[in-house]
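The values are calculated or read from the model by the stated rules, or taken from the named source; none is laboratory data. Fair warning: this is a prediction, and the values are worked out from it, not measured in the lab. Positions of Cβ are generated from backbone atoms using ideal geometry, with glycine treated the same way; all protein chains shown enter the neighbour counts. Please note that ligands, DNA and RNA were not included when accessible areas were found on the heavy atoms of the full protein model with its side chains. Shrake-Rupley method; radii C 1.70, N 1.55, O 1.52, S 1.80 Å.
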Amino acid sequence: MTGARYRFRSKWLLPGTTPERVFGVVTDLAGYPRWWSDVRAVRRVDDDTAELVCRSRLPFRLVVRMHRDHQDERRGLMRVRLSGDLDGTLAGAVRAAGAGTLLEITQDVQACKKLLRRFDTVARPLFRANHALMMRRGHRGLSAYLAGAPALEPGQA
């Protein structure tokens, strides 16, 4: 399969929380729908694998399996292998930052969903903007969740 490759980097500053707390929340895939409105469902496949159904603003959903590849709580590092509508890796690193925590996320993926591959050339800017919006909502949702605020409903920004 060629084309439709994406590399995304995000940095989320999460004030008033510890790296240990952030690490615990982001490695608990089953809990994602509680704080990330674009993650619509999570199904546990086995101890190291979960299947997530995601949908942002564009009228399609992504189904992605995340398989734990590396997890080191002491060093604040995690990595999962992705398969399904996206194939590749997602890595995260958490570290103390002032009075909070910095979560750095790197995604190296290839789109496998036919729709994404077919329209990659013309819709790439739209796909990238949709991803940025999804990540912004994830950051806001995680910040609110860690602060004890009520979670957002699907579709809320």
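One table, with the values for the structure above:
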quantity: Residue list for segment 17-48, filter: part of a strand (DSSP E or B), of a type in the set (D, E, K, R) and either surrounded by fewer than 13 Cβ atoms within 10 Å (Cβ to Cβ) or touching a residue at least 24 places away in the same chain (Cβ under 8 Å) (or both); calculated: Arg40, Arg44, Asp46
quantity: Test: residue in segment 5-16 that is out of contact with any strand residue (DSSP E or B) (no Cβ under 6 Å at 6 or more places or on another chain), modelled with pLDDT of 95 or more and open to solvent by 20 Å² or more (accessible area, probe 1.4 Å); calculated: no
quantity: Segment 91-101 - residue that is in a strand (DSSP E or B) and more than 18 Å from Gln71 (Cβ to Cβ) and, of those, most open to solvent (accessible area, probe 1.4 Å); calculated: Ala96
quantity: Residue count, segment 135-152 (criterion: free of Cβ contacts under 8 Å to residues at least 24 places away in the same chain, open to solvent by 50 Å² or more (accessible area, probe 1.4 Å) and either touching a Lys or Arg at 6+ places or on another chain (Cβ under 9 Å) or of a type outside the set (Lys, Arg) (or both)); calculated: 2
quantity: Counted residues, segment 110-133 - those being part of a helix (DSSP H, G or I) and touching a Lys or Arg at 6+ places or on another chain (Cβ under 8 Å); calculated: 2
quantity: Qualifying residue in segment 119-134 (condition: within 17 Å of Leu90 (Cβ to Cβ), at pLDDT 90 or above and either in contact with a Gly (Cβ under 8 Å, 6 or more places away or on another chain) or open to solvent by 50 Å² or more (accessible area, probe 1.4 Å) (or both)); calculated: yes
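The rows are residues; the columns are (1) of a type in the set (D, E, K, R); (2) closer than 15 Å to Lys11 by Cα.
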site	(1), (2)
Val63	no, no
Glu73	yes, no
Ser83	no, no
Thr121	no, no
Gly138	no, yes
Leu146	no, no
